[in-house]
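Input: a single structure, listed below in structure tokens.
The values are calculated or read from the model by the stated rules, or taken from the named source; none is laboratory data. Everything numeric in this text was worked out from a predicted model, so none of it was measured. Neighbour counts are summed over all protein chains in view; Cβ atoms, including those assigned to glycine, are modelled from backbone coordinates with ideal geometry.
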Amino acid sequence: MTENSEIRLVDSNILAYAYDKSEVQKNIIAKGTLKNLWQEKSGALSIQNLAEFYYTITKKIEFPLQPDNAKQIILDFNQAFQIIKYDEKTIISAINCQEIYKIHFWDALLAATMEENGIETIITENEKDFKKIKWLKTINPFKQ
């Protein structure tokens, strides 16, 4: 981590856009965002992000990647980003977060995982849900 930078979690949608060539402008911005975080050593990913990313880029995008290519990208992410994990206590925290903020469980699980790891900022396109969480700062790179 560089001086004056904080660790920021990258949401799955940003990861997917970095490899989804069907949305050219978002692809360029997402790739630039990942490159900056990589160079600054200021990015984090949850194991949840890695799983969602794999599924999205091999099944849901217009031009899906081959599983072996997706696997290599995930291995590269493991070298470039801090990987944060969750456990059964995190799931209970996520359930509480979901009830309090009325957000999707998977977003609540990311937020709970971030909180347990002392990460206060998420880079995401999903501002609507994450902005409901008082302590969480959201950055939408597509609005900059």
(message) Considering only residues that are modelled with pLDDT of 95 or more, closer than 17 Å to Ala111 by Cβ and not aliphatic (A, V, I, L, M), which ones fall in segment 6-42?
(response) Arg8, Asp11, Ser12, Asn13
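Considering Leu9, Leu15, Leu50, which residue is outside any helix (DSSP H, G or I) and touching a helix residue (DSSP H, G or I) at 6+ places or on another chain (Cβ under 6 Å)? Break it down stepwise before answering.
Numbers: Leu15 fails: outside any helix (DSSP H, G or I); Leu50 fails: outside any helix (DSSP H, G or I).
The conditions single out Leu9.
State yes or no: is Lys134 modelled with pLDDT under 95 and either loosely packed, with under 13 Cβ neighbours inside 10 Å or assigned to a helix (DSSP H, G or I) (or both)?
Values: modelled with pLDDT under 95: yes; either loosely packed, with under 13 Cβ neighbours inside 10 Å or assigned to a helix (DSSP H, G or I) (or both): yes.
The answer is yes for Lys134.
Could you check segment 86-131 and list, in sequence order, the residues that are in a loop (DSSP other than H, G, I, E, B) and of a type in the set (A, V, I, L, M)? I'd like the intermediate steps shown before the answer.
Filtering segment 86-131 down to residues in a loop (DSSP other than H, G, I, E, B) leaves 86-87, 102-104, 117-120, 124-126, 131.
Answer for segment 86-131, where residues must be in a loop (DSSP other than H, G, I, E, B) and of a type in the set (A, V, I, L, M): Ile103, Ile119.
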(message) Quick test of your reading of the structure: Lys85 fulfils all but one of (1) out of contact with any Ser or Thr (no Cβ under 7 Å at 6 or more places or on another chain); (2) within 26 Å of Ile28 (Cα to Cα); (3) not β-branched (Val, Ile, Thr). Name the failing condition by number.
(response) (2)
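If I filter segment 25-36 for residues that are in a helix (DSSP H, G or I) and small (Gly, Ala, Ser), do I get at least one hit? Even if it seems obvious, please write down each step before you answer.
Initial filter on segment 25-36 (in a helix (DSSP H, G or I)): 25-36.
Add one more test, that the residue is small (Gly, Ala, Ser), and what stays is 30, 32.
Taking every residue of segment 25-36 in turn, at least one turns out to be in a helix (DSSP H, G or I) and small (Gly, Ala, Ser).
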(request) Tell me which residues, restricted to segment 37-47, are closer than 18 Å to Ile119 by Cα and in a helix (DSSP H, G or I). (result) Leu37, Trp38, Glu40, Ile47
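Would you confirm whether or not segment 61-72 contains a residue that is of a type in the set (D, E, K, R), more than 19 Å from Phe130 (Cβ to Cβ), at pLDDT 95 or above and surrounded by fewer than 20 Cβ atoms within 10 Å (Cβ to Cβ)? If you could, list the steps in order and put the result at the bottom.
Kept after step one, since they are of a type in the set (D, E, K, R), are these residues of segment 61-72: 62, 68, 71.
Those still in the list that are more than 19 Å from Phe130 (Cβ to Cβ) too: 62, 68, 71.
Narrowing the set further to residues that are at pLDDT 95 or above leaves 68, 71.
Still in the running and surrounded by fewer than 20 Cβ atoms within 10 Å (Cβ to Cβ): 68, 71.
Taking every residue of segment 61-72 in turn, at least one turns out to be of a type in the set (D, E, K, R), more than 19 Å from Phe130 (Cβ to Cβ), at pLDDT 95 or above and surrounded by fewer than 20 Cβ atoms within 10 Å (Cβ to Cβ).
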(message) Which numbered condition in (1) basic (Lys, Arg); (2) in a helix (DSSP H, G or I); (3) in contact with a helix residue (DSSP H, G or I) (Cβ under 9 Å, 6 or more places away or on another chain) is the only one that Lys59 fails?
(response) (3)
